[in-house]
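Down below is the structure, laid out as structure tokens.
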Amino acid sequence: MMLAFSIQPTGTSRADGLVTEAVAEAVKVVRASGLPNRTTAMFTEIEGSWDEVFGVVKRATEAVAPFGSRIGLVIKADIRPGATGEIDAKLDRMEQAIKESEAGDADSASGVQEC
């Protein structure tokens, strides 16, 4: 299973509304899990079994709790039994498709046709 999630505390006492410290605590939990993961500006992705992944999400949510009076949690999951290594493989396949598409576009632009 691959899961993307975002945790955001609300009701913080910060005047600027930043949640950087809270997010950092959640990311520390994810990284300490040892599961394959990636964090971007909007989401953290993690890959593992159902129980492993949701256990990490629970602990990350608990780590954010002290930073606000309420927590928003967004989850999107790709449940593919038996699939592993997809956190990188999906991106690799997409990059390959782009390269192939661009190569095809270059051939069309130059008048080269395949038979």
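The values are calculated or read from the model by the stated rules, or taken from the named source; none is laboratory data. Bear in mind that the values here come from a model prediction, so they are computed numbers and not experimental data. Quick reminder, even Gly has a Cβ in these numbers, built from the backbone with ideal geometry, and neighbours come from all protein chains shown.
From the list ALA26, ALA32, ALA60, ALA41, the one residue that fits, being of a type in the set (Gly, Ala, Ser), at pLDDT 95 or above and surrounded by fewer than 16 Cβ atoms within 10 Å (Cβ to Cβ), is ALA32.
Considering region 75-89, and only residues there that are touching a residue at least 60 places away in the same chain (Cβ under 8 Å) and assigned to a helix (DSSP H, G or I), the residue that is nearest to ALA60 (Cα to Cα) turns out to be ILE87. Scanning region 1-19 for residues that are in contact with a helix residue (DSSP H, G or I) (Cβ under 8 Å, 6 or more places away or on another chain), closer than 29 Å to ALA83 by Cα and outside any loop (DSSP other than H, G, I, E, B) returns MET2, LEU3, PHE5, ILE7. In the set (1) surrounded by fewer than 16 Cβ atoms within 10 Å (Cβ to Cβ); (2) among the aliphatic types (A, V, I, L, M); (3) under 16 Å from PHE5 (Cβ atoms), VAL53 fails one condition alone, (1). Checking each residue in region 20-46 for being in a loop (DSSP other than H, G, I, E, B) and touching a Phe, Trp or Tyr at 6+ places or on another chain (Cβ under 7 Å) picks out only PHE43.
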